[in-house]
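Student: Supplied in structure tokens, the structure appears directly below.
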Amino acid sequence: MENKFPFNPKTLLIFTIFSCFLFEKMVECGEIGVNWGRQTSHRLIPSMVVDLLLQNGIRNIKLFSPSENVLKAFAGGDIIEITVTLPNEGLQHIINPSISAYWLQERVGKFQECNINIRHVHVGIEPFSTFSRNITYDMANDALRRIQEALIVNGYKNVTATTPHFTDVLKPNIKKPSEADFRPDLKPKMIEFLSIINASKAPFVANIFPIHFASEQNWDIEFSFINNKSNFTIEDNGLIYRNVFEFVYDSFLHAMKKAGAPDLKLMVGHIGWPTDGYPGANTANAERFFREFLPYIKKNIGTPLRPNTSIDVFIHSLADENLNKIDLGAFQRHWGVYRSDGEPKYKIDFTGEGRDIYPTTAKGVVLMPKRWCTYHGQSKNLTKIKKQFELACKEADCTSLSVGGSCSHLTFDQNVSYAFNRYFQKKAQWSSTGKLCDFDGLGKIVTEDPSMGTCVFPVEILAAELPDSGGLNSSGERVHGFFGFVLVLNLLGLLFLGLV
């Protein structure tokens, strides 16, 4: 499955950059980047991931967990352009000018000094959205304004700041893009937001989940693909919409125009296709989506409202995250192009050239011993079995067993085995008692892979780091030393910002 390039990966990146100018009539191509989150129990070493990006011709990365050890891995690699994210939990604290200046120094300034190419800051993640939570972050605009002021005051001339928004900032149930507008309850906030980014020439960033949007509208799933094979299209004042992406992108353009910002750049900060846990979520559909979508971006086809336009996009996401919250469903842990062990799940050409290739496998990954914990299948005590199954899944990731998931076809005994093994692997196959695979006498360790069809019973990698902690500290590892700020910086604020 490994794809080997016949030349240095940096040569591939440079070739990709200049091919846009050579073959697209001197018009710059849309950039294709990747989102990287680290909410997983066994994480790839950052230097391995940087190598993976270079080998695959990826030169734009957005970090949801921009911890110090992650950013240091990009030292000397200025060919990769980095976007760092400020978590929603930190928005209320960043309004303090001292904290905003300190955060920028700790997450941008000191790394730029090491030739690390941090160019963009995303202040919050969908702060006004209620798609995945019950609360909103109404101070997001104030936080963005404070960061932009701090960028100017502290001399960050080549760094832009903006805030990504989900499709639910648009009013619901629109039938045509021209009907689109921001929700009435959000419109004042969105007008304010647009004025902030317009002043700094930062882009509007829209996050799009194609199959979810199609499902909400009761459209055929085919409409989610760029090369829609169904007969379903949407006509709007003479313009023909053939897929969800064009529809949503132009809906945002119409909403921005109605809010007084018709000429702002619109980019996509999150677009992907999960491989599990959602109707239509599988590797075949994910492969097809990107096989059609990435060349569409690379060729600057644009949309009916903005034809022949370059559009920058971030693929969501690099690898699965088995610690992600699943408030909306199992799919939230299955966005990755890669499994958490650095093995690609399907073919994708990150450069947008449309080659029929698997991406490069992560180099230097060491798996734990090839052994699995399974249910021995000899107990008739269903109450006992159910209890142990639930205990295993309470801590481990059993989302692939959900209806329609890649492991939903398993028998009762296989379901229990899958749960036991996920727990066993998450705990690194070891416990101080030596009874990690006991499960009250129901478990046994086997050396023959029990995977069944589409259902993979994983063996985890040897993790060199502890996982990032929940949603509280989205910036990862702790940074020690306040450099004289202890007396003036709010400790709780720094905690939420991932700086202590």
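Student: Would you check if there is a residue in the range 203-210 being farther than 22 Å from HIS93 by Cβ and free of Cβ contacts under 8 Å to residues at least 60 places away in the same chain?
Tutor: No: the range 203-210 contains no residue that is farther than 22 Å from HIS93 by Cβ and free of Cβ contacts under 8 Å to residues at least 60 places away in the same chain.
Student: Okay, next question. What number of residues within the range 284-309 are out of contact with any helix residue (DSSP H, G or I) (no Cβ under 8 Å at 6 or more places or on another chain) and assigned to a loop (DSSP other than H, G, I, E, B)?
Tutor: Selection size over the range 284-309: 5.
Student: So, one more: So which strands (runs of 3 or more DSSP E) stay within the range 204-283 end to end and still have 1 or more residues that are hydrophobic (A, V, I, L, M, F, W, C) and either under 18 Å from PRO164 (Cα atoms) or open to solvent by 20 Å² or more (accessible area, probe 1.4 Å) (or both)? Spell out how you get there, then give the answer.
Tutor: Working: elements: 204-208, 234-236, 239-241, 266-271.
Here the list reads 204-208, 239-241, 266-271.
Student: Here's another thing I want to ask about it. Could you please find all residues in the range 163-180 being in a loop (DSSP other than H, G, I, E, B) and open to solvent by less than 30 Å² (accessible area, probe 1.4 Å)? Lay out the reasoning, then the answer.
Tutor: Here is the first cut: in the range 163-180, the residues in a loop (DSSP other than H, G, I, E, B) are 163, 171-176, 180.
The answer is THR163, ILE174, ALA180.
Student: While we're looking at this one, here's another question. Conditions: (1) open to solvent by 80 Å² or more (accessible area, probe 1.4 Å); (2) of a type outside the set (A, V, I, L, M, F, W, C); (3) modelled with pLDDT under 95. ARG371 meets all but one. Number of the miss?
Tutor: Against the list (1) open to solvent by 80 Å² or more (accessible area, probe 1.4 Å); (2) of a type outside the set (A, V, I, L, M, F, W, C); (3) modelled with pLDDT under 95, ARG371 comes up short only on (3).
Residue-by-condition table, conditions (1) on the phi > 0 side of the Ramachandran plot; (2) β-branched (Val, Ile, Thr); (3) surrounded by 18 or more Cβ atoms within 10 Å (Cβ to Cβ); (4) assigned to a loop (DSSP other than H, G, I, E, B):
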position	(1), (2), (3), (4)
ASN324	no, no, yes, yes
GLN332	no, no, yes, no
GLY342	yes, no, yes, yes
GLY354	yes, no, no, yes
LYS363	no, no, no, yes
LYS380	no, no, no, yes
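Student: Which one is modelled with the lowest pLDDT, of the residues in the range 231-287 that are among the aromatic types (Phe, Trp, Tyr) and within 26 Å of PHE64 (Cα to Cα)?
Tutor: Just the residues of the range 231-287 that are among the aromatic types (Phe, Trp, Tyr), to begin with: 232, 241, 245, 247, 249, 252, 273, 278.
If we keep only those that are within 26 Å of PHE64 (Cα to Cα) as well, we get 245, 249, 252, 273, 278.
On the way: PHE245: 98, TYR249: 98, PHE252: 98, TRP273: 98, TYR278: 91.
Selected residue: TYR278.
Student: Follow-up. Exactly one of (1) touching a Phe, Trp or Tyr at 6+ places or on another chain (Cβ under 7 Å); (2) under 22 Å from PHE247 (Cα atoms); (3) surrounded by fewer than 20 Cβ atoms within 10 Å (Cβ to Cβ) is unmet by ASP312. Its number?
Tutor: (1)
Student: Can you give me the number of residues within the range 74-114 that are buried (at least 17 other Cβ atoms within 10 Å of the Cβ), under 23 Å from LEU53 (Cβ atoms) and aliphatic (A, V, I, L, M)?
Tutor: Number satisfying all stated conditions: 5.
Student: Among the residues of the range 301-308, are any charged (D, E, K, R) and farther than 30 Å from ASP438 by Cα?
Tutor: Yes - at least one qualifying residue is present in the range 301-308.
Student: Also, I was wondering about something else. Is there a residue in the range 77-95 that is small (Gly, Ala, Ser), part of a loop (DSSP other than H, G, I, E, B) and at pLDDT below 95? Spell out the reasoning first.
Tutor: The initial filter retains those residues of the range 77-95 that are small (Gly, Ala, Ser), namely 77, 90.
When the remaining residues are screened for being part of a loop (DSSP other than H, G, I, E, B), the result is 77.
Okay, now just the ones that are also at pLDDT below 95, so 77.
Yes - at least one qualifying residue is present in the range 77-95.
Student: A follow-up question, please. Checking ILE385 against (1) part of a loop (DSSP other than H, G, I, E, B); (2) over 21 Å from GLU460 (Cβ atoms), which single condition isn't satisfied?
Tutor: In the conditions (1) part of a loop (DSSP other than H, G, I, E, B); (2) over 21 Å from GLU460 (Cβ atoms), ILE385 misses (1) alone.
Student: Related question: Being open to solvent by less than 40 Å² (accessible area, probe 1.4 Å) and closer than 22 Å to SER98 by Cβ is the filter here; which residues of the range 128-153 pass it?
Tutor: TYR137, ALA140, ASN141, ALA143, LEU144, ILE147, GLN148, ALA150, LEU151
The values are calculated or read from the model by the stated rules, or taken from the named source; none is laboratory data. Note that the structure is predicted; figures quoted are calculated from it, not measured. Cβ atoms come from the backbone with ideal geometry, glycine included; neighbour counts cover every protein chain shown. With ligands, DNA and RNA removed, areas are computed over all heavy atoms of the protein, side chains included. Shrake-Rupley method; radii C 1.70, N 1.55, O 1.52, S 1.80 Å.
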